[in-house]
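Everything below concerns the one structure shown next.
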Amino acid sequence: MKRHSYLLVLFLLFTFRTAYADELSIRDSIRNQARNALLSENFPELERLSILYGKNDKRTPSGAQKISLFDDGLNLALTPPPNEDEKYCDRMEKKVLNWIGAYPKSPAARIAYARALSAHAFFFRGKGYANTVPEEAWEPFFRYENIAMDYLNKNESIASADTGWYAIKIHIAKHLGWKRERINPFIEEALSKNVDDDRIYYAVLDYLFPKWHGDADQLEHFVSYVVTKTQEKRGMELYARFYAAASQFQYKHELFSQSKASWPRMKIGFEDLLRRYPDPWNANIYAHFACLARDKEKSVELMKMIGGSPALIVWEPDGIEVFTRCRDWALSS
């Protein structure tokens, strides 16, 4: 074993039992900070958090971008709970407008208003597949998404100072069914502004999933393109991250049979990821995909690190079953 790999194994063995719990705690804390600040209209706190977490180097121990978790928290606040009616959306839009009134030059506040309008759209549509959506829900869904897109365009001069503006615009364009040729120049513009904002990449990935507007070939082309742009700084890290996300949101346990993911390239990516973020959370994800790829040697090494303290959340769906099956296979003679 190479010296850096040996030292990495020792580090993970010493820290494994509590580190993934720390990762969950940090993620939940950031989401709750944003959610609670918006619900209570604590606009100074929202501004402080958006500026603090908006710096590209603000990441969790596993390397997750803190501004993405802040955005998640806003979405939690803006999404109506199951027992609420449409008036909840109206109240949340008013809260965000109050934020804009208090901080008229705030990019985060303007982006949040587009998020609120999109949440209003999904109040009608719901989260199910298109064939489950009532016919009468489509008109208000598209109406609110178009209002959100118009708002983003009209407020570009302020909102685009935060590259989250590009990410939310790509998400809404996905919902509106924009064709690839229409969205490509916008993606290039976004990447020319900030190659370190992962929100842009994940928005494009989502757009390119087969369940939306892409396919496996387009996804592979984009992933390879981004890796080329970021390889000097991040190695193959993003190749591993992106295909891990593709497994979670599109391919599940069929990643290597249904997508163009290459395990040799993904494996290099996980090694780069662990060198940069030597966190047990990432070791669990690495082990998951090593098992999926039937790489027994690497699976054995990673399972010995994990021991009896897996981060089951990263083994979903069916976390305990999948982890147990993988562990038993890896450690069998």
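The values are calculated or read from the model by the stated rules, or taken from the named source; none is laboratory data. Not measured: the values here are computed from a predicted model. Don't worry about glycine lacking a Cβ; one is built from the backbone with ideal geometry, like all the others, and counts go over all protein chains shown. Just the protein is used for accessible areas: all its heavy atoms, side chains included, with ligands, DNA and RNA removed. Shrake-Rupley method; radii C 1.70, N 1.55, O 1.52, S 1.80 Å.
Structural remarks
- Amide H to amide H distances under 5 Å link R59 with K66, where only residues 5 or more positions off or on other chains count and H is placed in the peptide plane.
- For region 215-229, putting each phi into the Karplus relation 6.51 cos²θ - 1.76 cosθ + 1.60 with θ = phi - 60° gives couplings of 7, 4, 5, 5, 5, 4, 4, 5, 4, 5, 4, 5, 4, 4, 6 Hz, in residue order, rounded to whole numbers and with x for Gly and Pro.
- For region 83-96, 3J(HN,Hα) per residue [Karplus equation, 6.51 cos²θ - 1.76 cosθ + 1.60, θ = phi - 60°, Hz, x = Gly/Pro]: 8, 9, 9, 4, 4, 4, 4, 4, 5, 5, 4, 5, 4, 5
- Summary value for the chain: 15 percent relative contact order, contacts being C-alpha pairs under 8 angstrom separated by 6+ residues.
- Rounded to the nearest whole Hz, the Karplus-based 3J(HN,Hα) values (6.51 cos²θ - 1.76 cosθ + 1.60, θ = phi - 60°) of region 97-110 follow the sequence 4, 5, 4, 4, x, 6, 9, x, 9, 7, x, 4, 5, 5, with x at glycine and proline.
- Extending 7 Å from Cα along the Cβ direction at T132 and again at K55 yields two label points whose distance is 4.2 nm.
- Calculated FRET efficiency for the pair T324/N184, C-beta based, R₀ 30 Å, to 0.05: 0.10
- Cα-only radius of gyration and Dmax that characterise region 258-322, units Å: 11.4, 33
- Rounded to whole Å, sorted largest first: equivalent-ellipsoid semi-axes of region 79-168, Cα gyration tensor: 25, 15, 10
- Ligands, DNA and RNA excluded, the heavy atoms of I147 present near 70 Å² of accessible surface to a 1.4 Å solvent probe.
- Solvent-accessible surface of the chain, averaged per residue with a 1.4 angstrom probe and all protein chains in place: 47 square angstrom.
- Descending by average beta-carbon neighbour count within 10 Å, the peptides 207-218, 32-43, 129-140, 182-193 line up as 32-43, 207-218, 182-193, 129-140, the highest first.
- For the chain, adding -39500 (n - 2.57) for each run of n ≥ 4 DSSP H residues and dividing by the number of residues yields -23000 deg cm²/dmol at 222 nm.
- When cysteine pairs in the chain are screened for C-beta atoms closer than 4.7 angstrom, the residues that find no partner are C89.
- Carbon and sulfur %, accessible surface of region 123-203 computed with the full protein complex present, 1.4 Å: 52 percent
- Solvent-accessible area assigned to carbon and sulfur over region 268-310 amounts to 53 percent, based on a 1.4 Å probe.
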